[in-house]
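To start, the structure itself, in structure tokens.
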């Protein structure tokens with residue numbers, strides 16, 4: 001057995017790594033700087049933590065679980081099993097496994113916290129102090145980035161996206177700040193002056209930063225959560241908990257902070273910045289809000305295909321492509337949406353109504369537990385903590401309507417702490433226990449599972465490191481290096497990159513550029529099986545089929561790419577090439593006319609000249625009128641005239657032949 005002193009040191013180190021270090025961790029060696037490295041670190045530390053608890057507590061410790069706790073863990077375990085089953089029918093096993101492992105980590109994290117901290121006050125203090133330290137660190141980083149932005153560039157709404165602390169973007173940073181806010185406020189009730197000072201500092205700066213960063217989902221979540229928490233608090237808590245003067249003073253301070261921040265910010269940026277953000281909340285046709293609405297509509301169509309069991313874990317980012325990208329920012333065919341920006345719709349699409357219900361049960365049980373605790377005989381400190389945790393829980397649930405915390409590792413940490421806090425408190429409340437479990441047996445199982453997830457995490461991390469190197473090789477046209485890195489990256493559990501592109505597509509691209517068309521065809525065909533709705537996969541596979549004169553199959557794939565992305569120029573040019581090979585110039589011209597605003601003007605004009613000349617030559621050989629022949633001959637020897645006639649035919653909605661005859665008549 002470990003000594004008491006060593007126990008405390010090990011416990012503190014592991015706990016602080018989980019709460020403070022893991023959210024701050026990132027690497028530039030992978031395409032996504034955060035997901036793989038954070039999942040790997042979280043899994044590793046949880047594995048060590050489970051072994052520590054196992055050896056510290058021994059194997060014969062019994063734990064009592066009441067009805068509420070047993071329902072929570074049962075629902076979570078069933079949800080995980082549901083995700084696991086979906087791996088057998090998902091189209092995207094790579095991301096399906098990632099979400100499966102991530103949800104297992106969430107379960108293991110909650111179990112470990114529940115087993116380790118049977119003393120609620122000790123757990124509350126550790127959580128509060130840990131998140132206060134994390135808050136202080138990320139606030140300092142955010143302030144540094146804001147000052148640097150003001151000194152080196154300019155403060156504007158678009159530039160604010162560069163302020164992200166150690167997180168993916170400013171929106172995630174704002175959400176993390178909002179979840180840290182309740183812990184910072186609770187620090188004010190700590191007896192030690194240092195924690196009170198940190199609490200005041202964090203609370204004030206978090207409110208200022210949330211205002212400046214202008215993340216609409218966080219604004220909405222903060223307001224609704226505050227009003228909801230206050231309403232529940234007034235109903236459940238004694239009047240003494242809500243001193244009217246202090247409550248009003250607190251609200252006035254917040255209003256002054258927000259107003260002052262708005263005025264000061266307006267001196268650096270346009271005074272209309274805040275007005276635009278506020279109005280965009282209610283304007284569904286504005287910017288990213290419009291994208292979200294369209295994505296939600298398409299996602300609900302996808303969910304309707306398999307309403308009860310869903311399409312499988314990780315499947316959304318692949319299946320959503322088949323609904324096309326018209327009127328979305330992804331019309332550029334470079335952007336690929338990875339999630340619908342609504343966790344509930346996301347889960348509905350992948351796990352159906354059953355999966356969504358299981359997921360929502362976790363929150364409903366937590367809300368029930370919080371209300372129950374606020375009505376209980378717990379001491380005032382615990383009730384205040386519960387009240388603030390309820391605010392955090394509501395904030396998470398609300399910004400989940402507009403964002404994707406379900407994906408990010410840092411939110412596993414927050415959600416596990418929020419759930420564990422309520423479960424520990426409700427389980428310690430005098431209530432009838434319905435289960436007696438052997439903690440040792442549970443920890444042995446948990447440790448084994450975490451060992452497996454740790455191996456998975458390292459494997460995925462290594463794959464993403466090689467994939468990142470492959471991206472660099474592609475950027476420099478180093479095709480041999482690209483093939484080498486893709487071979488190292490691709491595994492049975494890693495077949496698609498973070499941007500919806502199959503790994504084998506990159507290797508196919510390299511081999512195609514090396515003129516190894518047979519092997520390129522095999523790779524593109526493999527990529528097609530993994531993501532049959534990726535327009536670049538469709539385009540390249542069709543090109544390979546065209547090279548082998550499988551024109552019918554090639555046209556089918558090109559047209560599928562155009563169905564998904566009607567303005568995809570590469571596919572249009574390639575279709576024109578196929579029809580030219582088939583000597584069907586009329587069909588080729590009908591497709592080139594679909595391009596309204598060409599991106600590649602040189603290629604656009606080149607294709608027009610080739611097709612129009614061929615059509616004009618046919619017309620020249622078929623007409624007998626001398627005047628018409630002379631006119632066609634003059635047009636053929638002036639490419640500007642050819643382009644002009646082509647544009648006139650589009651304007652007049654007629655064929656090139658008709659336009660020539662029309663022009664001849666005018667003359």
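Since every read-out is calculated from the coordinates, none of them should be taken as a lab result. Given the structure is predicted, the values throughout are model-derived calculations rather than measurements. Using ideal geometry, Cβ is built from the backbone for each residue, glycine included, and neighbour counts are taken over all protein chains shown.
Just a few scattered comments:
- Amide N of segment 131-154 lying under 11 Å from the label point, which is placed 7 angstrom from the Cα of residue 24 along Cα→Cβ: 133-141
- Packing order of peptides 325-331, 399-405, highest average first: 399-405, 325-331 (average count of other Cβ atoms within 10 Å over each peptide's residues).
- Residue ranges 496-509, 28-41 sort as 496-509, 28-41 when ordered by packing (mean number of other C-beta atoms within 10 Å per residue, highest first).
- From helices alone, the chain scores -24500 deg cm²/dmol at 222 nm; the rule is -39500 (n - 2.57) for each run of n ≥ 4 DSSP H residues, then divide by the residue total.
- For segment 277-409, the spread of Cα positions along the three principal axes, ordered from largest to smallest, is 58, 37, 24 Å.
- Packing rank of 256-267, 351-362, where each peptide gets the mean count of other beta carbons within 10 Å, highest leading: 351-362, 256-267
- Mean-position separation - Cα centroids, segment 37-115 and segment 306-359, in angstrom: 24
- 25 °C / 0.890 mPa s Stokes-Einstein diffusion coefficient of segment 431-533, Kirkwood radius on C-alpha pairs, µm²/s: 155
- Histogrammed with a bin width of 10 Å, the alpha carbon distances of segment 78-121 distribute as 27, 39, 20, 11, 2 percent, first bin at zero.
- For the pair residue 644 and residue 617 in one chain, pulling the backbone fully straight at 0.36 nm per residue adds 8.0 nm over the alpha carbon distance.
- Residues 423, 435, ranked from the fewest to the most other C-beta atoms within 10 Å, line up as 435, 423.
- At 1.306 mPa s and 10 °C, Stokes diffusion of the chain via Kirkwood alpha-carbon radius, µm² per second: 56
- Rounded if a/c under 1.5, otherwise prolate or oblate - segment 332-464, Cα gyration tensor axes: oblate
- Cα gyration tensor shape for segment 1-149, rounded if a/c is under 1.5, else prolate or oblate: oblate
- Cα coordinate range in segment 530-595, projected on the principal axes (Å, largest first): 34, 27, 13
- With contacts taken as Cα pairs under 8 Å at a separation of at least 6 residues, the chain carries a relative contact order of 19 percent.
- Put the Cα centre of segment 145-193 next to the Cα centre of segment 436-484 and the gap is 30 Å.
- Annotation: the residues 236, 128, 27, sorted from fewest to most other C-beta atoms within 10 Å of their own C-beta, follow the order 27, 236, 128.
- Distance from the Cα centroid of segment 505-583 to that of segment 598-667 is 30 Å (rounded to whole angstrom).
- Residues 443, 302, 661, 450 arranged by fewest to most Cβ contacts within 10 Å: 661, 302, 443, 450
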